[in-house]
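S.K.: Shown below is the structure under consideration.
Bear in mind that the values in this text are calculations on the coordinates, not laboratory data. What you are looking at is a predicted structure, and each value in this text was computed from that prediction instead of being measured. Here the Cβ positions follow ideal geometry from the backbone for every residue, glycine too, while neighbour counts run over all protein chains shown.
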C-alpha cells in the first residue's frame, strides 16, 4: 500500500499526461515546503528539483523551517525524483500576516504537456493550524480568498494553457472560491478543481454551488462531516484515527497510485435543513467561533476510524458533544444540538 511518504520511492517514471491521485497530493503538499527561503521575484520556470536542492543547501537546521519530518523527507525525495524532474515552478506568491484571514500562498507548477497546476497552500500541518483552517467558516470574502481569486485570474489570463486547481485544507477553500469567482469562459480552461479535505462553509445559498469541485476526504473527516460544502464528496482510506485523518501523509493509495475509495459520505448539504444553516450564519462572530471550537474539540477527543464507528458509538458521541456545549449561550447550545441531530440524520441518509 502506498502513501505520500513512499510514493516517489516507488513511482520513478517521468510524470505522465494523466496524473495519479498521488501525483496531485505531491503537488498539494509540495506547495507548503519553504520555497520562500530561496525564491526571488525575478525567478521563472525554475526546475522543481533544483529549488528543492537549493532549499536543502540553505537550511542550517531543517527542523526550524520545516514543522513535519515527513515534509523534510518529501523535500529530499523531490530533489532526487526522476518523476518530477521535468516540472518547473513558474510563480510563487506568499502573503505572510499575523492575521489568519490574510495569510495566503499560491504556487504554479508548469508541466511539459502545456498544462499548469495551480496550488493554494494550507497552513502548517499541526492541530493548531488545522483549527485555524476550520475557522474559515466564520467569515466570507476574506482577504486570503480575494488574493487567491486574483492569483488564479492572472494564471488564466497570461496564456491558453489548461489548468488544474488544487488545494488542501484552507487551500481547498481558496481553490474553490477562486474558481467560483472566474467568468464562465475562463472556467472552461480549468481541467479540474480538487479540494483535499477542505475547510467548511456555513454560508447558505453559496455561489460555490455553481462550481464543479471534488472534495476528497478521509473516511472520518471533521471537515467532511461538519462542513456544508456544496461539493461532490469522495471518501478515501486513511491509516489514522479521528482528527489525525486530516493529515495527507495518512492517506492510502493502491499500487497504481490511486487513492483507495471507502465507505463514506456524499455531499449531504441538501439533507441539513436550510433554516438551521441560516440560523448559524446569523450568529455573532464570537458565538460562531465558540461553536466551531467546541465541535472541533469533540473530534480531537474521538479515536474512531470510520463513519460506521461514528454511527455505532453515536450515543457516547452525543454525551461528549453535550458536555462540550456547556457554557455556551443557551440559544446557541440549542441550535448546535439541532445541527448535530441534522448532521447525524444526514449521515444515515447519505452514507455510501
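S.K.: Given the Cα-Cα distance of residue 184 and residue 286 and 0.36 nm per residue of separation, how much length would full extension add, in nm?
M.R.: Working: separation 102, 0.36 × 102 = 36.72 nm, distance 3.64 nm.
33.1 nm is the gain from fully extending residue 184 to residue 286.
S.K.: If you don't mind, another one. Within the range 232-252, name every residue whose backbone N is under 12 Å away from a label modeled 7 Å from Cα of residue 1 along the Cβ vector.
M.R.: 237-241, 250-252
S.K.: Sort the following peptides by mean Cβ neighbour count (other Cβ atoms within 10 Å, averaged over residues), highest first: 326-332, 49-55, 3-9.
M.R.: On the way: 326-332: 12.3, 49-55: 19.6, 3-9: 17.9.
Answer by packing, highest mean first, reads 49-55, 3-9, 326-332.
S.K.: If you don't mind, there's one more thing I want to ask. At 0.36 nm per residue, and after removing the present C-alpha to C-alpha distance, how many nm does the segment from residue 159 to residue 232 gain when stretched out fully?
M.R.: Working: separation 73, 0.36 × 73 = 26.28 nm, distance 2.91 nm.
Additional length available on full extension: 23.4 nm.
S.K.: Report the extension gain between residue 56 and residue 320 in nm, rounded to one decimal, defined as 0.36 nm multiplied by the number of residues separating them, less their alpha carbon distance. It would help to have the intermediate numbers written out before the result.
M.R.: Values: separation 264, 0.36 × 264 = 95.04 nm, distance 4.49 nm.
So the extension gain works out to 90.5 nm.
S.K.: Provide the packing ranking of 180-187, 76-83, 232-239, i.e. peptides ordered by the mean count of other C-beta atoms within 10 Å per residue, highest first.
M.R.: Numbers: 180-187: 14.4, 76-83: 18.2, 232-239: 20.6.
Highest to lowest by the protection proxy: 232-239, 76-83, 180-187.
S.K.: So, one more: Can you compute the FRET efficiency between residue 260 and residue 345 using 1/(1 + (r/R0)^6), with r the Cβ-Cβ distance and R0 = 30 Å? Round to the nearest 0.05.
M.R.: Result of the calculation: an efficiency of 0.60.
S.K.: For the pair residue 102 and residue 13, how long in nm is the line joining their label points, each one 7 Å along Cα→Cβ?
M.R.: In this crude spin-label approximation the distance works out to 4.8 nm.
S.K.: How high is the FRET efficiency between residue 143 and residue 293 when r is their beta carbon distance and R₀ equals 22 Å, given to the nearest 0.05?
M.R.: Details: r = 22 Å, r/R0 = 1.01.
After rounding to 0.05, the efficiency reads 0.50.
S.K.: What ranking do 22-32, 113-123 get when scored by the average of other Cβ atoms within 10 Å per residue, highest first?
M.R.: Numbers: 22-32: 24.1, 113-123: 22.1.
The most tightly packed comes first, giving 22-32, 113-123.
S.K.: Where in the range 14-36 does the label zone of residue 94 land, with the point 7 angstrom along Cα→C-beta and an amide N cut-off under 11 Å?
M.R.: The answer is 32-36.
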